[in-house]
1. Rounded to the nearest 20 Debye, what is the dipole magnitude of segment 626-702 about its Cα centre when Lys and Arg each give +1 and Asp and Glu each give -1 at the C-beta?
2. Using the Cα centre as the reference, give the magnitude of the dipole from point charges on the C-beta atoms of the chain (Lys, Arg: +1; Asp, Glu: -1; all else neutral), rounded to the nearest 20 debye.
3. Based on Cα coordinates alone, diagonalise the gyration tensor for segment 361-517, multiply each eigenvalue by 5, take square roots, and list the semi-axes in whole Å, largest first.
4. Out of the DSSP beta bridges found with both residues in segment 598-670, what percent are antiparallel (nearest 5)?
5. Restricting the count to DSSP beta bridges whose residues both fall in segment 6-153, what percent are antiparallel, rounded to a multiple of 5?
6. Given Cα pairs under 8 Å that are at least 6 residues apart, what percent is the relative contact order of the chain?
7. Mind checking the per residue accessible area of the chain for me, 1.4 Å probe, whole number of Å²?
8. Can you list the GluC sites (Glu not before Pro) in segment 144-223 that are in a DSSP coil and have 14 or fewer other beta carbons within 10 angstrom?
Amino acid sequence: MPDDSGLPAHLPPPNLIGLDPSWSRLVPVGDVTWHILERPADTGFGTGPDRAPDVTVLAVHGNPTWSYLWRRLLQRAPSTWRVIAVDQIGMGFSQRPPGARRLAQRIDDLDALTDALDVRGPVVTVAHDWGGPVSLGWALEHREQVLGCVLTNTAVHQPQGARTPELIRLARWRPVRAVVTEKTPVFTRGTTTLSAVRAHRLPADVVAGFQAPYLRAAQRSAVADFVADIPLEPDHPSASTLDAIAEGARALDVPVLLAWGADDPVFSDRYLRDLLQRMPQADVHRYERAGHLVTEDAPESVDDIIGWIDHVVAGSPSLDTDPNPTPPLSSLTVARSDSAVAIAELGAGRTVTWDRLTQRVDDLARGLHDRGVRAGDRVSLLIPPGADLVACVYACWSMGAAVVVADRGLGIGGMRRAIRGAAPDHIIAIAPGLAITRDIDIPGVRILAGSATNSRRRLLGIDATLLEVAHDGERRRGEADLDSVADDELALIAFTSGSTGPAKGVAYTRARVAALVDAIARAYAIDPERDALVAAFAPWAVLGPALGIPSAIPDMDVTDPSTLTMDSFTDAADAVGGTIAWTSPTGVRALVDTAAQTTRRPQNLRLLMVAGAPTAIDVLEAMAQQLPDVQIATPYGMTEALPLTQVDLTELREAGAGPGVLVGHPLEGVQVRIAQLDDLGQPAVIATDAVDVTGEIVIRSPWMKQTYDRRWAIQHRTGADGWHRTGDVGHLDALGRLWIEGRLAHVITTPNGPVTPVAAEDAAARAAHTPMAACVGVGPRGRQVVVMVLPRDNGRDREGNGRGLDVADVDTTIAVRSAVGERCGVDVAAVLTMNALPVDIRHRSKIDRSRVSRLASAFLSGSAAKVSS
């Protein structure tokens, strides 16, 4: 084999996909020559100092990639930026001098290069993999020039007690290292197969681009050297350099973005956690289902990085800053301590009084503190709705810890992803909850809500049971109170339903949760002397103690509202004298369907609230026949803010059928605007309160979320200036009332303009006498046709598969086309049927229109006679 150890630098082949040859240049620096990609800034005027770029972006790759990794960054960055992406010495198309280079020398190499290139501040470094330590080392030596740092899937420290990733250990193992990393292309090819995108691998031409500098064994010598330079031992030659970088990162007081592939088998979330401990000021965006090469698996991450840099260059404030802070009236404590019933769990046959709940909360708080839980920690709670969950929530709040609530409505896979994303410090769970999180990195205590045998303790890694924690707290009774906590501290991370993509963590501060309690008490005129809650959507039972009203949870499967019955609903209401009830549209249908099985009805109920998805007025009318003296209302809101508006059945009757579902006037303290849709269904940047303008609904209220948790880019797109872009579409009418017309992601873009689905679905369901319908678009954006899909069974697919498409019969097709055309002025191209419509797990009400659209497209194209997702 020829000795290529002294290969000179040279330019890449001119035909690599996505790479502009004009970016490539060779830069001699001392005794080595670099290959870099550079896209100079185009300031458009003057010479000299006036031509300084707005910012210089210095991008550093890791092992075994090269500057090709940053091709999209060069392509998409603003023209007033200077963008430099380097090939580290021995890597890519830079010179391959003989001998291995240690971490310290690589930092010196980069320092010499930036001097030669006359790089001046402000500089934002962008790095991946082992480019992370190199770029941070450079940043620490050029602190006065550095405006910010972007890190993607990297590490500066091996967390204590954490096992080194298997792929790193294998590649670094001396007997195979040379074979895996240098003599064969296993390591270089393997990196491009670490994609977490299950549906496809990287395109062959992109893989060829990454492989281009590493075709011969001698071209891979630095790949092997890089692996050997990973300092896993304390006496490794690069250990002290990496340790200095790791400690120096704590003092690097500049903005930081951690853009992270969530499914990286090498740099997992434990390394993200370590970086956050060192740089707590960092913004974070985790890309679900993206792996090690996050900019390849999630190409949108490049635009997000550019958006973040632009945000930093502009000196914009933090996105979760509240422009209108409102001091809450309520506190996150149990509001009563008498001997009346506070919580009734009908399924468990259990009641808890206020005084016992108050004492239990205090005992748990003190016991948790003894076990190492501290203010600011995140505690994951995987406990069914009931007294234990309520006690744990208020115990955490009383000591300043935040609770992470991933409910069963997300499904097991969704729960696991949600918990991993929120990175809790501790977990309290029933046994199945501890089982499904056994392999998730949770560094603190693992507490079982239940009894534990010795074998169960070993199997599930249990540190204590909830009862043991409470007993620990009992021994601390009478001691000084735990420290008070500021209102702006994190209190809650809840999760969206995941009906339009992976569930997003929604972060609420203590002040915002308290403001939510205030809003509910005010909106529904709650009187602790009179009212009690029937939580047929069980999580709402958690707010009962702060409101000072008892809560009852019916005997039902809390993940499936269709299991609610009129008997179980009445039992719950009777248990606490229920005056207010909360359920979903599916729960209402279940009450109507089972009403004939019993003559019993709640005696004290004054208000039934139905939320979670648009509810057909026919269903509400049927409910009103069963509960004629009860006010039936449909609050509008979402995980990010609820409630926002409200309308009752009387007003719905008066409004009649319209272009959507009426959800009523904004509540006191809520502002609503509309960002008008263009012909391609894109919302305007500026929102308006004009009448009869259809667009994305934009809201603001004192009790809406503080931010999306570890989803910086989504918060940046949806939460600027204290407003939240909801992703829902609708309009305001002349009376100032809000109408919902669907989801932004589900808007159909026809040649005649955008079509929103909700009114068309209601018209179709009425015409076909089905409980639900899905109005979807088929075809390319801007030229889509409207297709209506009807269920053949009960309307909802519990498994979410939505199988068995077919063409509707002629009579149904005519009826649906006529009804939709008359009400909405929309031509329906085809009417299909399927066994059941796929819906979300949590509410069993939100149709997955995106999936239905894919299925309908495949069916109508003739690609399958029977189509399943």
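1. The calculation lands at about 120 debye.
2. 2000
3. Ellipsoid half-lengths, sorted descending, are 23, 21, 12 Å.
4. In segment 598-670, approximately 65 percent of DSSP beta bridges are antiparallel ones.
5. 35
6. Relative contact order for the chain comes out at 8 percent.
7. Heavy-atom SASA per residue in the chain reads 39 Å².
8. Glu144
The values are calculated or read from the model by the stated rules, or taken from the named source; none is laboratory data. From a predicted model like this one, the values you see are computed outputs, not experimental measurements. Here Cβ is always computed from backbone atoms with ideal geometry, including for glycine, and neighbour counts include all displayed protein chains. With ligands, DNA and RNA removed, areas are computed over all heavy atoms of the protein, side chains included. Shrake-Rupley method; radii C 1.70, N 1.55, O 1.52, S 1.80 Å.
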